[in-house]
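**Q** Encoded as structure tokens, here's the structure I'll be asking about.
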Amino acid sequence: MQSFLPRFVCCLFFLIITLQAAAQIRDNNIFHYQDGSVFIGNILEENSKRTKLRITTGDTISIAKVLVKKSYRDLLYYPNGKFHFTKGLFFNYAVGLGGNNGGVSFQIEAILGKHHNEKLDYGIGLIFHTSETRLVRNGGAWVAHDFLSPVLYTRYYPWSKKVRPFASLALGYSLPLQVGWQRNEGSGGLYMQPSIGLKFASKKLRRYYVSIGQFSQRTKGILNNNDFLGNPVEYNYKLWLNRFVFKVGVELR
């Protein structure tokens, strides 16, 4: 219980910060003409044929939509041509590896979300994670689990840099899986993973990010094993799986 309270307070504080995220958006847009011309600025007016744009020099121009090859809207744009989106849907895919308290873990994460504004993203997703833990108090036996966790996801950006720091939180409920014959099916329970990381701007629709965090997972179960003499032994266990996780991911638009 003592180890749970600091994580709960941290998650509560994080949720309060995300709810206070600023609604102001830096509304930059990029238009690529078919002849190779590129125009960058803020949209002032728009209809079915033309877009009135205030470009970075402060001048106002009119963009003919029939001449536009492609466009990117609602951006944080940087001088080297790279940018971040501040609106629209995204898909995150990440893999993670980590461990502590006598075990190791592996994760695969898939998140479908929405850029709410310059500061805040949110979404839903699935996290598959597998863990192995040594039961030190029960003869040193190893117990292995596989879980699938539906989660709610939120991500907060404190600064609008080209390399954007962020804090994220995945919160949900884990469902136990029986993947292999050596795996142990423990009970499911509350799952949470606060993280901090960096997301890198790009000139394309793909962005990479890295993060470090810690997931907490409650589980209990029964492990049938043999002692050092070969006699059958049954272990009843209750565990808090607390694991450091390093993740590498890609965000697709």
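Rule-based calculations on the coordinates, nothing more; no lab input. Small disclaimer: the values here were computed from a predicted structure and weren't measured. With ideal geometry, Cβ positions are generated from the backbone for all residues, glycine too; neighbour counts draw on all protein chains shown.
**Q** Report, ordered by chain and residue number, the lysines lying within cross-link reach of Lys238, taken as a straight Cα distance under 26 Å and ignoring same-chain residues fewer than 8 apart.
**A** Hits, sequence-local ones excluded: Lys220.
**Q** Which cross-chain or sequence-distant (5 or more) residues have an amide H under 5 Å from the amide H of Arg50, H modelled 1.01 Å from N in plane?
**A** Placed amide hydrogens put Lys65 under 5 Å from Arg50.
**Q** Using only the alpha carbons of the stretch 28-85, what is the convex hull's orientation-averaged projected area in square nanometres?
**A** Averaged projected hull area, Cα only: 3.9 nm².
**Q** Using the basic label-point model (7 angstrom from Cα toward the beta carbon), what is the Thr60 to Tyr33 distance in nanometres?
**A** Modelled inter-label distance: 2.0 nm.
**Q** Kindly flag which residue pairs out of Lys65/Lys199; Lys70/Lys161; Lys52/Lys114 have an alpha-carbon separation exceeding 30 Å in this structure.
**A** From Lys65/Lys199; Lys70/Lys161; Lys52/Lys114, over 30 Å: Lys65/Lys199.
**Q** Related question: So if each residue of separation counts as 0.36 nm, and I subtract the Cα-Cα distance between Lys238 and Leu190, what length gain in nm does that give?
**A** 15.9 nm is the gain from fully extending Lys238 to Leu190.
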